[in-house]
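Since the structure comes first, as structure tokens, the remarks are kept for the end.
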Amino acid sequence: MMQPQPSARIRELRALLNRYNYEYHVEDAPSVSDAVYDGLFSELKQLEAEHPELVTSDSITQRVGNELKEGFVKVTHSTRMLSLNDVFDVEEVRAWVVRMDKLLPGSKHEFFADIKMDGLACALIYQDGVLVQAVTRGDSFAGEDVTNNVRTIKNVPLRLYETAGFEKLLQGRTEIRGEIVMLKKDFEALNKKRRQNGEPEFANPRNLAAGTIRQLDPRLVAARPLHFRGYDLLRDDPSDVPTNMFAYEALTALGISRNREASVFTSIDDAMKFVDHVGKIRGELPFNTDGLVIKVNDRAQFAQLGVVGKQPRAAVAYKYAAEQATTIVKDIVISIGRTGAATPVAVFDPVVVAGTTVQHASLHNADEIARKDVRIGDTVVIFKAGDIIPQVESVVTELRPKTAEKFEYEKALQEQYPELDFERTGKDVVYRVKGASGDLILKRAVQYYASKGALDIDTLGEKNVVALVDAGLVRDVADIYKLTYEDVIRLDRFADLSARKLILAIADKKQPPLEKFVLGLGIRHVGAQTAIDLANKFQSVDALKTATIEQLEQVDGIGKVVAESIVAWCADEDNLALLDKFTELGVVPYYEQKTGRLSGKSFVVTGTLTSMSRDEAADRIRALGGTFQTSVGKDTTYLVAGGKVGASKLKKAESYGTKIIDEKTLHELLK
Ligand code: IVH
């Protein structure tokens with residue numbers, strides 16, 4: 001794998017992130033999504049954490065808050081405008097509650113949750129009910145005075161309303177904090193106009209809102225409809241606002257817009273139901289949201305819990321999983337499907353996208369690779385929406401290593417499958433194995449599955465397989481488990497007895513040992529011993545299906561090529577569908593830990609044995625918990641000499657301390 005030098009990678013990431021930052025904050029025209037920015041930013045943070053000597057004070061990670069722009073008066077906040085810790089799943093939410101419970105033992109908290117709006121934070125200061133100042137969040141301690149601009153926002157009352165029961169809040173200082181957003185409909189209307197005028201469109205509502213509020217000309221601000229929604233209310237005397245729910249009721253009473261969905265929950269489970277609900281309807285909300293805010297409802301408790309860094313302990317931001325992420329392409333592995341079609345699969349450093357870990361994605365075909373110009377070593381943007389299979393969306397070409405060569409598909413096919421010829425005919429975008437006319441590959445696959453070393457279904461030999469496939473009864477390997485006596489007896493090859501025998505033999509192999517099943521799948525580079533090692537390590541098909549390259553490489557004897565081949569096999573949708581089909585048909589491989597007298601002992605057989613075949617020797621060794629290897633390595637315990645042992649083998653065995661035994665001794669060990 002091409003692993004970029006950390007120092008070079010850090011330098012490139014900083015340069016690129018600085019550029020993205022400039023596009024975002026100064027030009028209001030970001031060229032990438034937040035998820036891409038966040039992905040690269042966290043990679044930089046990670047690299048800097050691993051190499052603290054490479055951290056420089058001008059690194060983008062060392063910046064705190066936003067820079068203040070010239071032209072606005074700086075205003076110190078009455079209390080800091082904090083931000084929130086992000087959490088991404090129920091477990092993290094629960095862990096947050098546990099942390100609070102430790103600090104406030106015995107107290108029961110109610111939770112308050114609201115939709116998190118994607119805009120910019122702003123504090124409105126009312127003196128005796130009159131708007132006197134509006135300040136951006138800035139660096140959390142001080143922000144910019146944007147009063148003139150905020151006064152143009154139609155739903156910000158210049159004077160608070162009077163409502164019975166809330167009169168107190170019209171006396172003295174009332175600070176209302178909230179989010180300035182641009183509603184989706186206003187944003188779309190603005191862009192439509194710009195399109196008609198031939199002007200470039202704005203990138204997204206939040207940037208436009210942020211850019212607008214920091215315009216020096218309030219007339220321009222007035223021409224871009226902004227919208228304010230409150231989420232907090234501060235008084236000099238905190239006891240004026242006992243709970244967050246009260247603050248929201250007060251906002252409504254004072255004429256400040258706020259989200260009507262905000263509610264109180266007595267348990268975190270109920271709060272999570274709200275999270276799920278909003279997750280479903282968030283597309284229909286009038287503004288963009290990427291999550292929810294969950295806080296302790298009681299404000300005295302909230303204050304008591306205090307602040308760590310820039311974040312209060314008593315609140316979190318629940319973020320819906322990002323549907324995009326960035327990662328590096330480690331390799332492009334081509335897999336051959338049952339029809340002989342070649343499918344390229346990109347193998348990545350594992351990365352979480354939309355809540356699941358992704359380490360590979362199909363690149364579909366040669367044209368697709370060429371169109372996206374994906375190369376080994378490239379940093380790519382991965383996209384995954386909901387349950388949809390992850391895709392490579394684009395390449396971050398700025399981060400391409402100089403050594404990354406254009407991916408040559410035909411050359412790669414030749415390198416990865418030197419024994420096969422491929423062709424691409426007519427308008428077909430897919431390369432296929434030459435001469436793999438019709439169902440040749442499928443026939444081979446079924447035969448292999450049924451072969452002695454794998455499932456050992458003895459009545460399912462070559463001729464029967466050919467007959468079943470040609471008759472259209474078997475369209476994939478799992479189909480053999482669907483065969484009925486009636487299906488089979490119709491074929492010329494079968495008579496009553498042979499048909500019965502076949503059906504029984506197949507049914508007999510519905511609960512195969514895991515290692516035989518894994519071998520039977522015919523994954524390239526996975527031979528009998530590797531299948532056993534895989535079974536021992538992962539112990540189920542499901543665990544193997546989601547194994548990472550790193551986990552696979554931990555298995556003795558599995559290197560990069562084998563690991564990538566397995567991962568690529570598991571990336572193929574047809575293969576995954578096949579595994580599901582096996583399950584649906586009741587094929588349940590079982591795993592049995594083989595411990596016995598030979599546990600921890602490994603054997604290599606050289607030459608020919610007289611009393612048994614190599615396969616038989618291997619099976620018997622394994623049945624007693626031993627390992628059967630094909631060549632002598634440093635972990636080989638015994639070299640079984642069938643006949644004379646060559647000098648080089650002998651020397652190797654001696655250097656590893658491997659004991660050389662004859663066939664008779666093997667027999668004794670197997671007794
Ligand atoms: S409550 C201590 N409620 O999200 C901060 N914030 O990372 C308590 N935001 O700075 C904030 N919608 O700008 C709260 N319904 C909401 C919000 C919200 C958006 C923003 C706000 C804050 C940031 C927190």
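Of note:
- Phi-based couplings in Hz for the stretch 635-652 (Karplus 6.51, -1.76, 1.60; Gly and Pro marked x): 9, 7, 7, 10, 10, 8, 8, x, x, 7, 9, x, 4, 5, 4, 4, 5, 4
- Database remark: amide H of Ser451 closer than 5 angstrom to the amide H of Asp456, Ile457 (H placed geometrically; neighbours at sequence offset of 5 or more, or on other chains; Pro and chain starts carry no H).
- Environment charge at Arg173 (Cβ cut-off 9 Å; Lys +1, Arg +1, Asp -1, Glu -1): -2
- Selection from Ala547, Pro589, Ser613 lying farthest towards where the dipole of the stretch 533-640 points positive, charges on Cβ: Ser613
- The alpha-carbon of Lys406 sits under 21 angstrom from the alpha-carbons of these lysines, leaving out residues fewer than 8 places away in its chain: Lys330, Lys372.
- In the chain, taking the dipole from charged Cβ atoms about the Cα centre, the farthest positive-side position among Leu305, Ile389, Ser599 is held by Ser599.
- Positive contributions from Lys and Arg (+1) and negative ones from Asp and Glu (-1), summed over other residues with Cβ under 11 Å from the Cβ of Gln554, come out at -3.
- Computed over the stretch 280-353, the ratio Rg/Rh where both radii use C-alpha atoms and Rh is Kirkwood: 1.28
- If the convex hull is drawn through the Cα atoms of the stretch 1-159, its volume per residue in Å³: 207
- Among the listed pairs Lys516/Lys664; Lys510/Lys581; Lys154/Lys193, a Cα-Cα separation exceeding 24 Å is found for Lys516/Lys664.
- Note on Lys102: lysines with a C-alpha under 19 Å away, same-chain residues under 8 apart excluded, are Lys295.
- Viscosity 0.890 mPa s, 25 °C: Kirkwood-radius Stokes-Einstein D of the stretch 281-413 over Cα pairs, µm²/s: 138
- When +1 charges are put on Lys and Arg Cβ atoms and -1 charges on Asp and Glu Cβ atoms, the dipole computed for the stretch 561-643 relative to its Cα centre reaches about 740 debye.
- All Cα-Cα separations within the stretch 219-371 were binned at 10 Å from zero, giving a P(r) of 8, 24, 25, 17, 14, 9, 3, 0, each value a whole percent of the pairs.
- Selection from Val98, Leu82, Gln127 lying farthest towards where the dipole of the stretch 80-158 points positive, charges on Cβ: Gln127
- Simple point charges give the picture: +1 on the Cβ of Lys and Arg, -1 on the Cβ of Asp and Glu, and for the chain a dipole about the Cα centre of about 500 debye.
- Projected onto its three principal axes, the C-alpha set of the stretch 103-193 covers 57, 31, 31 Å, listed from the longest axis down.
- Look at the alpha carbon pairs under 8 Å that are at least 6 residues apart: their mean separation over the length of the stretch 530-671 gives a relative contact order of 18 percent.
- Longest to shortest principal axis, alpha-carbon extents of the stretch 367-436, angstrom: 39, 34, 21
- Surrounding net charge for Val632, when Lys and Arg each add one and Asp and Glu each subtract one, Cβ distance under 12 Å: +3
- Short-range pairs are left out: with C-alpha atoms under 8 Å and at least six residues apart, the relative contact order of the stretch 423-543 is 24 percent.
- P(r), alpha carbons of the stretch 623-671 - 10 Å bins starting at zero, rounded %: 24, 58, 18, 0
- Cα gyration tensor of the stretch 194-279 - equivalent ellipsoid semi-axes, whole Å, descending: 34, 21, 10
- Crossing angle, helix 6-25 versus the chain [Cα axis fit, 0-90 degrees, rounded to tens]: 40
- Separation between Cα centres of the stretch 422-456 and the stretch 308-362, rounded to whole Å: 30
- Here the residues Lys116, Lys168, ranked from fewest to most Cβ neighbours within 10 Å of their Cβ, fall in the order Lys168, Lys116.
- Compared with the dominant Cα axis of the chain, that is its longest principal axis, helix 244-254 is turned about 40°.
- The relative contact order of the chain, computed from alpha carbon pairs under 8 Å that lie at least 6 residues apart in sequence, is 10 percent.
- Distance cut-off 18 Å, percentage of C-alpha pairs in the stretch 384-472 lying past it: 69
- Computed log₁₀ I(q)/I(0) - Debye formula, equal Cα scatterers, no solvent, the stretch 523-656, q 0.10, 0.13 Å⁻¹: -0.41, -0.66
- Nearest-20 debye value, the stretch 74-188 charge dipole, Cβ charges on Lys, Arg, Asp, Glu: 280
- Proportion of all alpha-carbon pairs of the stretch 457-586 beyond 17 Å (%): 61
- Euclidean distance between Cα centres, the stretch 528-552 to the stretch 163-197, Å: 55
- Quotient of C-alpha Rg and 2.2 N^0.38 Å, computed over the chain: 1.27
- Listed residue pairs exceeding 27 Å between alpha carbons, taken from Lys108/Lys319; Lys545/Lys634; Lys501/Lys594; Lys463/Lys509: Lys545/Lys634; Lys501/Lys594
Every number in this text was worked out from the coordinates using simple rules, so none of it is lab data. These numbers were taken from a predicted model, which means no experiment stands behind them. As a convention, Cβ positions derive from the backbone with ideal geometry for all residues, glycine included, and neighbour counts pool all protein chains shown.
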